[in-house]
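Here the structure comes first, spelled out in structure tokens, and everything after it is commentary.
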Amino acid sequence: MSFSQGDCASALTICGNTTFTGVIKTYPDDTQFNGHVSCGNYLHSPMIWLKVTIVTGGSFGFVLTPKSLDPKADLNFFVFGPNVPCGDIGQSIRCSYTSPTKIFSTKNATGLIPNAYGNSKESNEGNGFLEMLDVKAGESYYIVVMDAGPPYNQFSIDFNGTATIDAPPEIKTPKIFDSYGAKICESDGVNDFITNIDLNEIAAIAVGNQSNVEASFYTRGEDAIIDIRRLPNGFRNTESPQIGYIRLTNTVSKCFVVEEFVFTVEQLQTPYPLNIAGCDVNQTGFVHFNLAENDLLLQDNNPNRIVTYHPTANDMILLPKDYVNKVAYQEETIYAKIMDTKSLCSVFKPFKLIINKTLPNVKPVQLTQCDIGNVPSDIKTFNLSEASEALTLSDSQFSVKFYLNNADAQNDVNSLDTLYTNSTNPQTIIAKVTNETTACYAFTTVDLKVKKGITLTQIIEKCDDDGIVDGIVKFNLADAGFENNGNKVAYFLTLENAQLFQSPISSSFTNTQPYQQTVYARVQNENDCIGINTIELKVAVLPNLEKNEVLYLCLDQTDDSIKLDTGITSSDLINYQYKWFPNGEIISEIEVYKEGTYTVAVKNKGGCTKERIFTVKNSERAEIYEVIIDDFTEVKKVTISVLGQGIYEYSLDNISGNYQPSPIFDGVATGIHDLYIKDINGCGILHQTISVLGAPKYFTPNGDGINDNWNLWDLNTPSNSNAIIDIFNRFGKLLKQISPKEVGWDGTFNNLPLPADDYWYTLYLSDGRFTKGHFSLLR
């Protein structure tokens, strides 16, 4: 900010820390200043007079700081007071005149601070600080500051000490991006962001509830400082945003604050109007447009918004809501003015009036309803949507309404329901076809006629051959034969739907009622109902055959054959026809003599066929190839090998149960056992007796009659009667040779008892096998 301030009478009242820029050079007269300072020489430097008033007493000081650190930014100051009149200011009570440029010092701050000394200083040291003042409440002082001129003419003054001065007013306006400012609504309707600004309203916000404070506005900062050229209320900006200045002044203390203030003009924010299309129904090039179509959109649910329409922007001419274009066949641009009655903001927004010349190309149509049943009638319910499809050609951009007469159609009142019952036969009603895109519409007639048709019935019968016996199968309704001579057929579940052409079903239809159901076929040529026929759907039940079966032919049995039959009871056999594959027999049961796949097809009187498949496989009773008995081991084991085409299971000692699929038995007890081998396919059980041997682990020849002799168990059989057992001591000396027929060894050698010890044996069987082992003699 820059300003002119030349003498005591126009001194600025300072309320707090302030920054000054661009002090204009002035020349006070000698009586006012020259000769009244106690240091330095008067050099006609730029000068500013400041005035401060003490509120509470104490120490008073300040610091003057140039913005630039250049030594040329040289500040000098003088203080007068207290309470001196401008006509007789007396001698300065503080005087600082220094020249930092002489010593190239950057210490160019000056002022009154604690711990400084002296009332006056004139030097080249660059340090112009003096001791503070001791002040009292109510006193006023003048501070005169001299600076070096541009570009070193910006400095700040910051107060210190315990004394206080008047507080500056506070600007209550909220800041916008760190700057004070206001957003103003453009109120003249011209969309140029230039408008008349109500400064009184903005000032009231800036002052808030502060007493004795007024706000004023300026375009230049120096005008704000010295309070000249205030902006009037209704000031009209020249650009947006536009920078100005606000000054808040205490009208009692004259203390003020100046800040930059940004004025921003904004348009009223509303939706843009939509173009309005009208249809040239009379083909004259002139259309009645309803401008009010945009009202709700532009009001935007705000009760303070008023919408009017005008030929041009910022035009006072008001157009009627029912508006006819001025030039035939030509589009027009008009303007909607949206006014906010609360803020008085307004804006003009353009939109177009579009003339649509093309009307829907519609022709009269006829709807014929079929009358079927026992009581003929001329009054029937019509489904008018059938006519809609013909009038619109199924184009979704067209809509259709129906009316009893032209008057209702022209006034768009009393439209008919889609399901309409005629009052006479025939009857003519009116259809209005509208293009939803262009809003163009046209009228035509719809003739309603009730026709007494002939009802035909066809039966379609199918077999329940889908694998699920439930009376539900898929039919092809076209098999009824009604789709001929260029006619179209639609199918329905009920007669009512067929008459009203509602809820058609597909020609590929699965019945919903088991075994028997009636559906309806509506035969049409365009919109002319030829007739409504019935189709009886019947599902024939298939023969009730048993499931497919696998059978086995026992090769070792004398008959060597197996009988196959359908499973149908004897009383029903006459109701079916039979055919066997692959041999072609036509009887209900056959005999087969070899394995293979045999299929019988059974057909009932309705022609429905069902098949049963027999798979015949060979099987036979087992033949033992080898039985391996591991009977001289700790755990006895029997392994059987068999021959044969069957599938076999094995059991020991139980012909009726406990069969296992494995031919191996572990942990078999010594002794004689019955082995059974069963063919699981039913071709018999093979039986054989086997023996499992065992050797005692020890014996006690002590004469008590218990375990006094040692011999191998279960060898006293005809097959092993010639077996030989040799007994040795640990050194391999043969002690005794015994036979299974004997009582056994008594533990002696040459009639002398042998000591308790381990002894060994070797067994030689009649079939050439031999084995070794050992046992203990215990005393």
Of all strands (runs of 3 or more DSSP E) fully inside segment 338-417, the set with 3 or more residues that are touching a strand residue (DSSP E or B) at 6+ places or on another chain (Cβ under 9 Å), at pLDDT below 90 and within 16 Å of residue 437 (Cα to Cα) is 346-356
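Matching residues to (1) in contact with a Phe, Trp or Tyr (Cβ under 6 Å, 6 or more places away or on another chain); (2) under 20 Å from residue 672 (Cα atoms); (3) acidic (Asp, Glu):
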{"residue": "700", "(1), (2), (3)": "no, no, no"}
{"residue": "703", "(1), (2), (3)": "no, no, no"}
{"residue": "711", "(1), (2), (3)": "no, yes, no"}
{"residue": "726", "(1), (2), (3)": "no, no, yes"}
{"residue": "756", "(1), (2), (3)": "no, no, no"}
{"residue": "765", "(1), (2), (3)": "no, yes, no"}
Looking at segment 206-217, is at least one residue farther than 17 Å from residue 166 by Cβ, modelled with pLDDT under 90 and hydroxyl-bearing (Ser, Thr, Tyr)? no
Hits in segment 445-482 (condition: modelled with pLDDT under 90 and of a type in the set (S, T, N, Q)): 455, 457
Just for segment 411-447: of the residues that are free of Cβ contacts under 8 Å to residues at least 12 places away in the same chain and of a type in the set (S, T, N, Q), which one is farthest from residue 368 (Cα to Cα)? 411
Residues 347, 362, 324: which one is over 44 Å from the mean Cα position of the chain (by Cα) and either farther than 30 Å from residue 280 by Cα or surrounded by fewer than 20 Cβ atoms within 10 Å (Cβ to Cβ) (or both)? 324
Please go through segment 458-492 and give me each residue that is among the aromatic types (Phe, Trp, Tyr) and part of a loop (DSSP other than H, G, I, E, B), ordered by number. 482
So residue 114 ticks every box in (1) out of contact with any helix residue (DSSP H, G or I) (no Cβ under 8 Å at 6 or more places or on another chain); (2) buried (at least 19 other Cβ atoms within 10 Å of the Cβ) but one. Which box is left unticked? (2)
Restricting attention to segment 152-199, report how many residues are small (Gly, Ala, Ser), surrounded by fewer than 20 Cβ atoms within 10 Å (Cβ to Cβ) and part of a strand (DSSP E or B). 2
Would you pick out the residues in segment 586-601 that are crowded, with 16+ Cβ neighbours inside 10 Å and out of contact with any Ser or Thr (no Cβ under 6 Å at 6 or more places or on another chain)? 590, 592, 595, 598
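Quick grid of which residues meet (1) more than 24 Å from residue 623 (Cα to Cα); (2) among the hydroxyl-bearing types (Ser, Thr, Tyr); (3) assigned to a loop (DSSP other than H, G, I, E, B):
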{"residue": "665", "(1), (2), (3)": "no, no, no"}
{"residue": "668", "(1), (2), (3)": "no, no, yes"}
{"residue": "674", "(1), (2), (3)": "no, no, no"}
{"residue": "682", "(1), (2), (3)": "no, no, yes"}
{"residue": "688", "(1), (2), (3)": "no, no, no"}
{"residue": "691", "(1), (2), (3)": "no, yes, no"}
{"residue": "696", "(1), (2), (3)": "yes, no, yes"}
{"residue": "701", "(1), (2), (3)": "yes, no, yes"}
{"residue": "708", "(1), (2), (3)": "yes, no, yes"}
With segment 570-626 as the region, which strands (runs of 3 or more DSSP E) entirely inside it contain at least 3 residues that are over 60 Å from the mean Cα position of the chain (by Cα)? 577-581, 589-592, 609-619
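The values are calculated or read from the model by the stated rules, or taken from the named source; none is laboratory data. Here the structure is a predicted model, which means the values were calculated and not measured. When we count neighbours, we look across all protein chains shown, and the Cβ atoms used for this are built from the backbone with ideal geometry, even at glycine.
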